[in-house]
Amino acid sequence: MGPERDWPDGVEDRHAGPSGRLHALPIGIVVLSLVMIAGLLGFAGREETVSASGAGVRLEWHAPVLIRNGEFLEIRIRLDADEHVSRPVLGVGASLWEDMTVNTFIPAAAEESSVDGEFRFEFAPLEAGSSLLVKIDGQINPDILGGNAGTVTVYDGQETLVSLPIRMEVLP
């Protein structure tokens, strides 16, 4: 081999390639490229919008349907009122948010409660033709495996207006 070079501690001439320079192995670049392509194609996570209508309201849920544990997520819930809703209450099944951390909930509900295995959030009255947009930021806790499922329901007081089943797949 050629003359001794002044390498950093722990690096010797035997670590250098044929040209005498340190270089990355091509396999590392190939693996990194494959991971990046998989992410761009949506294999790391996928969002979807689902909706249901009934009793003069339309409920829309936009959130990840495929996510990895430990990741942050955003959920958007939109409620469009075709008729007046005097006491709009959004009910989220506790099983849907099990082992999830909810960091923010905007706008804040006027009242919050837990009724029959459901988190309930009451908002100001909705006039016909108006909408309510709720944004929720959270994180998937590491102990979820497989996913969570539950129902999101809109009430006018205690009267059920519309329900929407939701399923989120969680990958390790």
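Total residues in the range 111-122 satisfying the condition of being in a strand (DSSP E or B) and in contact (Cβ under 8 Å) with a residue 12 or more places away in the chain: the figure is 7. Closer than 22 Å to LEU161 by Cα and not in a strand (DSSP E or B): is that true of ALA63 in this structure? Against the criterion (closer than 22 Å to LEU161 by Cα and not in a strand (DSSP E or B)), ALA63 does not qualify. Residues that are assigned to a strand (DSSP E or B) and either in contact with a His (Cβ under 8 Å, 6 or more places away or on another chain) or free of Cβ contacts under 8 Å to residues at least 12 places away in the same chain (or both) within the range 123-157 comprise just one, LEU126.
Any chance the range 103-110 includes a residue that's without any contact (Cβ under 8 Å) to a residue 40 or more places away in the chain, among the aromatic types (Phe, Trp, Tyr) and within 22 Å of PRO64 (Cα to Cα)?
yes
Only one entry in GLU111, GLU122 is touching an Asp or Glu at 6+ places or on another chain (Cβ under 9 Å) and surrounded by 13 or more Cβ atoms within 10 Å (Cβ to Cβ), namely GLU122.
Does LEU164 meet the test of being under 13 Å from the mean Cα position of the chain (by Cα) and closer than 19 Å to THR49 by Cα? Considered against the rule, which asks whether it is under 13 Å from the mean Cα position of the chain (by Cα) and closer than 19 Å to THR49 by Cα, LEU164 comes out as no.
Hey, can you tell me all the residues within the range 74-105 that are assigned to a loop (DSSP other than H, G, I, E, B) and hydrophobic (A, V, I, L, M, F, W, C)? Once the filter is applied, which keeps residues that are assigned to a loop (DSSP other than H, G, I, E, B) and hydrophobic (A, V, I, L, M, F, W, C), the range 74-105 yields ALA94, LEU96, TRP97.
Flag set for GLY91, criterion: under 14 Å from GLY150 (Cβ atoms), surrounded by 15 or more Cβ atoms within 10 Å (Cβ to Cβ) and assigned by TED's automatic domain parsing to the domain that holds ALA149.
The values are calculated or read from the model by the stated rules, or taken from the named source; none is laboratory data. Because the structure is predicted, anything quoted here is derived from the model rather than measured. Cβ: placed from backbone, ideal geometry, glycine included. Neighbour counts: every protein chain shown.
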